[in-house]
1. 5 Å is the cut-off here: which amide hydrogens, built 1.01 Å from N in the peptide plane, fall below it relative to B:G94, excluding neighbours closer than 5 in sequence?
2. Can you spot the lysines whose alpha carbon is less than 18 Å from A:K257's alpha carbon? Ignore those fewer than 8 places along the same chain.
3. List the lysines whose Cα lies under 21 Å from the Cα of A:K398, skipping any in the same chain that are fewer than 8 positions away.
4. Set Lys and Arg Cβ to +1 and Asp and Glu Cβ to -1, take the dipole of the protein assembly as shown about its Cα centre, and tell me which of A:W316, A:L372, A:F358 lies farthest positive.
5. What total accessible area, in Å², is buried where chains B and A meet, using a 1.4 Å probe and rounding to the nearest 100?
6. Per residue, how large is the accessible surface of chain A? Use a 1.4 angstrom probe and give square angstrom.
7. How much length, in nm to one decimal, is gained on full extension between A:A299 and A:W105, taken as 0.36 nm per residue of separation minus their Cα-Cα distance?
8. With a/c under 1.5 counting as rounded, go ahead and sort the stretch B:310-379 into rounded, prolate or oblate using the C-alpha gyration tensor (a ≥ b ≥ c being the square roots of the eigenvalues; past the cut-off, prolate if a/b is larger than b/c, else oblate).
Protein chains: 2
Amino acid sequence: MTGLLAGLRIVEGSAFIAAPMGGMTLAQLGADVIRFDDLAGGLDSDRWPVTKDGASLYWAGLNKGKRSIAVDLRHPKGREILSALITAPGENAGIFSTNMPARGWLSYEELSKKRADLIALVIVGDRHGAANVDYTVNSITGFPLVTGPLGHEGPVNAVLPAWDIATAYAAAMSILAAERHRRLTGAGQKIVLPLQDMALSAVSAMGYLGEAAINRVDRPRFGNEIFGTFGRDFRTKDGRYVMICVFSDRHLAALAKAGGFAEAFAAIEKDKGVDLTLEADRWTARAELAAVIAPWVAAHSAAEVGAALKKEGALWAPYQTFRELGADKDAVLDNPMFTVLDQPGIGAYPVAASPVQFAAVPREPPRPAPTLGQHTDEILSGILGLPGHEIARLHDEKIVAGSST
Amino acid sequence: MTGLLAGLRIVEGSAFIAAPMGGMTLAQLGADVIRFDDLAGGLDSDRWPVTKDGASLYWAGLNKGKRSIAVDLRHPKGREILSALITAPGENAGIFSTNMPARGWLSYEELSKKRADLIALVIVGDRHGAANVDYTVNSITGFPLVTGPLGHEGPVNAVLPAWDIATAYAAAMSILAAERHRRLTGAGQKIVLPLQDMALSAVSAMGYLGEAAINRVDRPRFGNEIFGTFGRDFRTKDGRYVMICVFSDRHLAALAKAGGFAEAFAAIEKDKGVDLTLEADRWTARAELAAVIAPWVAAHSAAEVGAALKKEGALWAPYQTFRELGADKDAVLDNPMFTVLDQPGIGAYPVAASPVQFAAVPREPPRPAPTLGQHTDEILSGILGLPGHEIARLHDEKIVAGSST
């Protein structure tokens, strides 16, 4: 392991997206992340999407580069092993990350008796500890009622689990912040990260709560338009869609040049008394702008529209499906972030490494997700120092599983 | 400043969401984050939503708790001041975070001549350095074509800028990872974080690219249903909407009890030959499940439905608007993360602190965003050691602005 965080060890008890992705994020930077699961695998071990043989592509994606230990979580000896693993000595160890119910033997209070400077990050649904998932958190934020086509009645759910993803990175950040604090002061601590508060703090940061409280308005649904500037989708002659945005004068000039809109834009400015270099004025004149752009896009193929916009440096993108993305030369096939990786039980396909490029160390290529318990024996031996015959006995008694079974 | 990151200083050159939110995230943990802007303010200084007086609620939300210095970015002396600020000495200083074009005097190459162990995080649109915003990145991921109502043609854009938010937290994480590396090795570095790669790595992690490559299918649009388990919206008698999900046996049992569905669920299991405790089987039987639940929700008010689901511990949430969220007792008004803060130029409204609770230090209440150049003088004096008459001259020559103008 040669990554930026080489040597740092995190023991993870997790399922679903936020916690496993947080651990994976640190594993991709070189940390030794050990995920433990019950003998039958985690709640998420079979989550869809799956291959035709039932192997979870989801699980494989979110647990890349970790080590796996499989232990009977209900057996006192199994719990003893995991407690010892979480609290094992070492300046770079003693970090526990979980979104499992962290009660009893898995609580910070119990674990920190074994290691006073333990860092324990607990991801919870809300600050009371109630259950929540991305979808229930998103419902209360306000976003589903302003997302979706104009005229649509009712909420539009996000398919993209934005709050889980943000929480994953916040978890990784919080572990590093606490590890810094421990390095400087010697003190460990418990960290609580509520999924709901992650969402609410972002809603607050982006001004939505301020708008509601100060302006006393509920922002309506604006379809595919970007609020407060100009941006929306357009349909091409060949039935494809492109997103075109204007966030600066430069984007405006590039768009005008690509489509030959200079005169039409000047006419809008004159007729409506607006200055299209200003965001607010672009928003005011968005219908007029769209009326100029739409016929041009509709008269050309996606290839023609894309070529013209790209040539002038406009801010735009094609919409594509997941399969089209998978075949996208620039975004995936030629992107050094991706490596075609052979994931045992699934096959070879392009898999992403960390999106962050640190100049001090070369980016680690992605490593496969482990099979359940793949590293049980090496962890029991290498970290807990158990002799071979004891490890064999733990297998015999079905307290651990994996590697040698 | 008593926060977890007290003493750490980050100089930020930023606009829009990802970079300012990354800085704000660290400021809320106690770091000294200094945002610099041109004399006229940043590109995002007037971004919508704004108050009726034109003050940006967006800017106020994303720059809370920072210090602000206003400098003429085109003047050689202004550039000299900022270079000196970015590379000022100190174990906890020398960190630069930006999503501005980091060329010339603002490049890592130039700045690191002044401080060899500089850490410079540069957020770029894609790995080539091209422009991108959340909306153009999202277009190519595949999500807009699987989001939105069944039967809808064309893309559905996200209103929630998920990639910007994730990038903000990834930026904060990356700065802490590099600062750890510098503390251990003495070496600084340049970090490049492409917004597009942030999105693509998440698409990869969640199995979408694997599904496309291995199963060779494009997942269709499933409306508001959660793929691979059970979850969707339902309409109440009084025309409101609730999200109801089942991610575990416990959620299934709670839902069955809340609505009296035990027999109906057993009948589905028998008729369809499924086991509703399994995610995949819930997905297979989702239409039958919805057919049982929908009439019950439609026959009761939102208050009745919510009370029954809450009582049994089901996994559910009401959909609400931003104004309803702002008046939500549990989520906002009684939530200790929020403080009613008087934001100069805007007024008093509930503002969120950091969502992360670190036990070692009390959570800092949110601090207002600065006015443009509010801390110009104290920064010039306190960090760069400029005497009063020099600061006065810089104001006279219109090279800096703020505090004393």
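The values are calculated or read from the model by the stated rules, or taken from the named source; none is laboratory data. Here the structure is a predicted model, which is why all the values come from computation and not from measurement. As a convention, Cβ positions derive from the backbone with ideal geometry for all residues, glycine included, and neighbour counts pool all protein chains shown. Quick note on the areas: whole protein, heavy atoms, side chains included, nothing else; ligands and nucleic acids left out. Shrake-Rupley method; radii C 1.70, N 1.55, O 1.52, S 1.80 Å.
1. Amide H neighbours of B:G94: B:A88.
2. Reachable lysines: A:K310, A:K311.
3. Answer for A:K398, where 21 Å is the Cα cut-off: A:K77, listed by chain and number.
4. Result: A:F358.
5. Details: alone 20730 and 20740 Å², together 29050 Å².
For chain B against chain A, roughly 12400 Å² becomes buried.
6. Numbers: 14530 Å² over 405 residues.
Result: 36 Å² per residue.
7. Working: separation 194, 0.36 × 194 = 69.84 nm, distance 6.63 nm.
Using 0.36 nm per residue and subtracting the Cα-Cα distance, I get 63.2 nm.
8. Details: a/c = 3.62, a/b = 1.82, b/c = 1.99.
Note, shape of the stretch B:310-379 comes out oblate.
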